[in-house]
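Single-structure report; data block below.
The values are calculated or read from the model by the stated rules, or taken from the named source; none is laboratory data. On a predicted model such as this, the values are computed, not experimentally measured, just so you know. Neighbour counts run over all protein chains shown; Cβ positions are idealised from the backbone, glycine included.
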């Protein structure tokens, strides 16, 4: 009698979920065919994708990788029986096979001219090292923090690898920062912080503008260490885009933060300068600034002056990006509750401490999507330099078509360029999403 | 990182400012390189090959000048310029000469303060139509849609032509030649108009070139030639006479292949003066006696350059036409070397 129980004492074995709710079928039922309207949309979408692929795939899967000219590609396609009533159909990938290195490196010395060596390892190394230098910044929790020293040195290694020349150039540029820092330390402890900053900056600038060329010359004659110099004109292709993009991105963020803070400053002159700068730059199209860089500056400067065109472009793109960056960061600052500022004040933090410890970490976190969008935008804007005659990927696409062999090829080159740009921009976008998840603290 | 580059730039700027006082020829010789402005890419006239080596009809002029002045046809720094940046690049001294299929016009010569040093290609604006349109003259194009590059003289020429003939057209503005090819092939316009050399190159790239015809009308004069800045006549003379040397060489039958033989065996006094075995022409230019010989050996005489880059055996397949020697009914007529 006591063994009569109304409660089951042993567990039933787990049963398989119904076949219609797991696996591919379950996923499809849940995501694609959950009701009649979604089912309809799914069918329409699949049909649409099918039509696109049906048109694009046979075109892309074309046996022309070894074509030597557009005419040759057409011969290959005709032999392969790819003839339709609109003529042969199929991509001519020979152009990518022949020119992909040019699209990546532009005119960087590739050892084809007698007496030169293949120097393309240098940009490759520079961009690989950039990954190393960025790691402690981007993935702070996954790499040793000692790497930050390398990150600090990297801004001097990067131009040296790309442009080459004597090693004393970047060393002396770095020395300027060291000199400025020690002057600041010495003077600010002896007099006051402000005088220290001013004197430090003045000393560094004097060093850079006057003394450093003498220093470089002297050291170079004593101990000529260096690698072969490469002129800016040799830059091209994706190397040029990435160089401009990276420099503009790296310089525009700090500049943008300073401008955003300046815009909110209580000091009237600082505020008006920042507002004026931001509004002016944002009110002018980038292409106008590039034209100023490429043509107007030439007219203003003394005849015969040769102010490196890529440097001019770098400065203009950086200023342009900085103005947009400043507004994005100002948005982040404006989104912070006033209590955060007051809290920082109540702790007795001074302005810079408050910014560094309380305000900026939060404001920057809020601004991440905007900042990354600006980065992506700047990177893509670099193709505008083709209009002032620099041979970036788009400029090169025109130059490649000017080869009688490849005249008339459009989609293949643009597709290749588009693919590479997509890879860069998509990775930036994914990183920003990763960063947002990582910094998610659960409140808004 | 910007600082160090900036620094380098200032150093270069300082050096360059120091040298600017001398003439262009001295600058070029001190630099050891000729800065020559070319297009960013035009079929047959200037384009980089897979190794980044520039080739083409305009490029050959640069190489000829470099060979004459520096003794090395490879000692050229090619500066790609666009239609918008070419003149400032020349005026500001960024380049020493411009060989960029640039039309010699009054205002460019006089108002922009440039010096055209001759004509290396006589071009003119033409029309291309699909054969199936059944048009045999541009005057039958009433109401046609015309693909035309914006911001060029071709646009103005077109407007003039249609107005003088009292017919109407609808322009389809396009930016680049590549875009024009696509639009034209896609049927977005009935007619494509640009320089006849460009039309020929475009047509050659079509799958079925015979389905398109070039109309007989040439509606403008486009003498294309190299140019230099006003005010440095010695340099202008060097560029002008290098081009003339290439033209004269063809007239006299001196080619890059036979030049060594001709130089030693000829009795023709003009060839002797040209090649420097007689007279002091090189000295008058401030160069050595063999300047023209080197220029001819760089890429051949005018005819060889033409045949190699844009002639009938190339995919572009241009006939000599106006660009034949005057002895063959063309317009090429170099002043005598004397």
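What the table below lists for this structure:
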read-out	value
Residue list for region B:28-44, restricted to those being surrounded by 15 or more Cβ atoms within 10 Å (Cβ to Cβ), more than 8 Å from every other protein chain (Cβ to nearest Cβ) and in contact (Cβ under 8 Å) with a residue 40 or more places away in the chain	B:28, B:29, B:33, B:34, B:35, B:36, B:37, B:38
Filtered residue count, region A:334-352, keeping only those that are in contact with a helix residue (DSSP H, G or I) (Cβ under 8 Å, 6 or more places away or on another chain) and either assigned to a helix (DSSP H, G or I) or under 17 Å from residue A:438 (Cα atoms) (or both)	6
Residue count, region B:85-122 (criterion: within 14 Å of chain A (Cβ to nearest Cβ) and free of Cβ contacts under 8 Å to residues at least 12 places away in the same chain)	3
Unmet criterion (only one of (1) within 26 Å of residue A:69 (Cβ to Cβ); (2) more than 15 Å from the chain's Cα centre (by Cα); (3) in a helix (DSSP H, G or I)) for residue A:420	(2)
Helices (runs of 4 or more DSSP H) (entirely within region A:8-121) containing at least 2 residues that are over 34 Å from the mean Cα position of the chain (by Cα) and within 30 Å of residue A:423 (Cβ to Cβ)	A:23-31, A:36-60, A:70-79
Candidate set from region A:77-92 (those that are out of contact with any strand residue (DSSP E or B) (no Cβ under 9 Å at 6 or more places or on another chain) and buried (at least 21 other Cβ atoms within 10 Å of the Cβ)); member that is farthest from the other protein chains (Cβ to nearest Cβ)	A:91
Qualifying residue in region B:233-254 (condition: outside any helix (DSSP H, G or I) and free of Cβ contacts under 8 Å to residues at least 60 places away in the same chain)	yes
Residue check for residue B:202: within 12 Å of another protein chain (Cβ to nearest Cβ), in contact (Cβ under 8 Å) with a residue 60 or more places away in the chain and in contact with a helix residue (DSSP H, G or I) (Cβ under 6 Å, 6 or more places away or on another chain)	yes
Tally, over region B:188-215, of residues that are modelled with pLDDT of 90 or more and assigned to a loop (DSSP other than H, G, I, E, B)	4
Matching residues, region A:161-220, being buried (at least 17 other Cβ atoms within 10 Å of the Cβ), away from every other protein chain (no Cβ under 12 Å) and over 30 Å from residue A:119 (Cα atoms)	A:179, A:183, A:184, A:187, A:196, A:199, A:200, A:203
